[in-house]
1. Just to be sure I understand, if you calculate Rg and Dmax of the Cα atoms in Å for this structure, which of [x] 25.8, 93; [y] 23.3, 76; [z] 23.6, 81 do you get?
2. For every helix of n ≥ 4 consecutive DSSP H residues, a contribution of -39,500 (n - 2.57) applies; sum these over the chain, divide by its total residues, and give [θ] at 222 nm rounded to the nearest 500 deg cm²/dmol.
3. Which whole-number percent is the relative contact order of the stretch 93-246 (Cα, under 8 Å, 6+ apart)?
4. Find the relative contact order for the chain and round it to a whole percent, using C-alpha pairs within less than 8 Å whose residues are 6+ positions apart.
5. What's the ranking of 226-232, 348-354 by average number of surrounding C-beta atoms within 10 Å, highest first?
6. Could you order the peptides 164-175, 59-70 from most to least packed, using the average number of other C-beta atoms within 10 Å per residue?
7. Quick check: residue separation of Glu301 and Gln165 times 0.36 nm, minus the Cα distance between them. What number comes out in nm?
8. Suppose we keep just the DSSP beta bridges with both residues in the stretch 6-382; what percent of those would be antiparallel, to 5?
Amino acid sequence: MTAWPKSFYAFGANLLTAGAEWRLRQKRSALGAQKRTFAVLTGRLATTAFWRDAGVAAAMSYDHFQARVAPRGYAQLEPAIARMRRGEANVLWPGRCAFFAVAAGTTGGPVKSLPVTGEMLGHFRRAGLDSLLYYTVRVKHAAVFRGRHLYLGGSTALTPLADAQPHQAYAGDLSGIATLNLPAWVEKHFYEPGAAIARLADSPEKLAALVARTRALDITLLAGRPHWALLVAAALRASSGPGTGPITNLQALWPNFECFIHGGAPIGPFQDELRAALGPTVKFHEVYPAAEGFIAAQDVEPGSGLRLLTDVGIFYEFIPMADFDESRLEQLGGKVVPLDGVKTAVDYALLLTTPAGLARYVIGDVVRFTSLEPPRLMYVGRTQLKLDARGDNVTEKELTDALVGVCRRNGWSIVNFHVAPLFAHSLTGQNRRRHEWWVELRPGTAITPTGPTLVVELDLALQKLHGGYAARRKAGTLEAPAVRLVMPGVFEHWLRFRHKWGAHYTLPRYSGDRLIADELAQITRFARD
């Protein structure tokens, strides 16, 4: 095989950028792309045992699909996925599946084993490239392709599935599976930290090896979850070679470093700290990946939502959260709307039909459209995580925005936080309800943070952001929040105790129960009010 020089790939990137810019500016409807995707997917699904029995037929109309095929969650598909893991062919997708992504989602959620077919790997490759080209279109150059790309993903060490014998099948982290299936030219010319380090589990040893390998490279792009990027940046800034002084930020170490790709967790709590750690001119580029599919990517400046990837092999549907009830998914088919039925400023549960054999699959995310042409959306929370049983319906985005706003005004940096309901009985026998915030802030600020200050400011911020919260506070059915400021390291201790410390884990920002909050209380020895 010809070993093309890297300049050839940089030239190709310029051509692809021009093509991506042309596609983004075309008036071709995203609805047309979705119609074509629907026809392809249903044609393939109709050849499988499970979906044929579930009512999928080749060349069926969307109306028939909506009427015949019920929405499903992971529990309804788990028996079929187990058959695939045992090597059975033509269950949810034509042929046998060789890879299964083990996905816990946010920590505390159920562990899922999701099929990753060859066609699904193709989806991830195409969506990943498109998302990067959206960046080059936005900044109007492709210089990011002239250096190495450092990806902070999970381990590429996969576990063989013994039950699949004599067929070979493996389970592991999705990012590890995707890395093992990168094109050879990507691995040779762009991918870091290299195959040997990528096999290691997240550990101090892996971090040290990553620092040693990459500190002298020409890194132009860093991709990963915000909290893990900060950890890697701290380790790199602390490293030094003979005759070198302290490294102020990663741009001082890598002069051509220009892009940080982030997804998997809201960047708001970490944005100021990331800016200081990465460098003053690094551009942030947001993507919306999930184990079930690569959903959206930033195509304009921040704050406008992420552009839905409508032509990379996934068909999207949506259930208004006003109609959503996870206990009766199979009865909600008539409430589901396709892309041409959505509205802005409405919260929807997201459903995907994918080339991994998932159809009308509720992934557990709640999204809100910011524009329809082109379709752009934002992630606002999880369907399974409800903060208050009586429903002020505060979302993860609103909680995050409130805390970020308060901390930014006071010059505080957020390490981590979690919000849970707190229930108690008053002397009159009435239930008192409030939100309990567990917050870890970075030490060493000019203004010392205190719980009472946070209580007042968070309460006012949430009342401005959410009318339902404000109404319940005014009516006296919801009390002012309680704030627990914890010592440095508490959240890391909890994550390590739960074996959830790593680049691909995310702590739930809020929960309708007290499982995490009570464990944090045991660690910190806070007593309940």
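1. Computed from these coordinates, Rg and Dmax of the Cα atoms in Å corresponds to label [z].
2. Working: 18 runs with 192 residues, N = 529.
Value at 222 nm, helices only, nearest 500: -11000 deg cm²/dmol.
3. Numbers: 181 pairs, mean separation 38.7, N = 154.
It rounds to 25 percent for the stretch 93-246.
4. Relative contact order for the chain comes out at 14 percent.
5. Values: 226-232: 21.3, 348-354: 24.6.
Ranked from most to least packed, the peptides come out as 348-354, 226-232.
6. Details: 164-175: 17.4, 59-70: 15.6.
So the peptides 164-175, 59-70, ranked by packing, come out 164-175, 59-70.
7. Residue separation times 0.36 nm, minus the Cα-Cα distance, leaves 44.0 nm.
8. On the way: 35 of 53 bridges.
Counting only bridges with both partners in the stretch 6-382, antiparallel ones make up about 65 percent.
None of the figures in this text is laboratory data; all of them are computed from the coordinates on show. What you are looking at is a predicted structure, and each value in this text was computed from that prediction instead of being measured. Please note: Cβ atoms are built from the backbone with ideal geometry, for glycine as well, and neighbour counts cover all protein chains shown.
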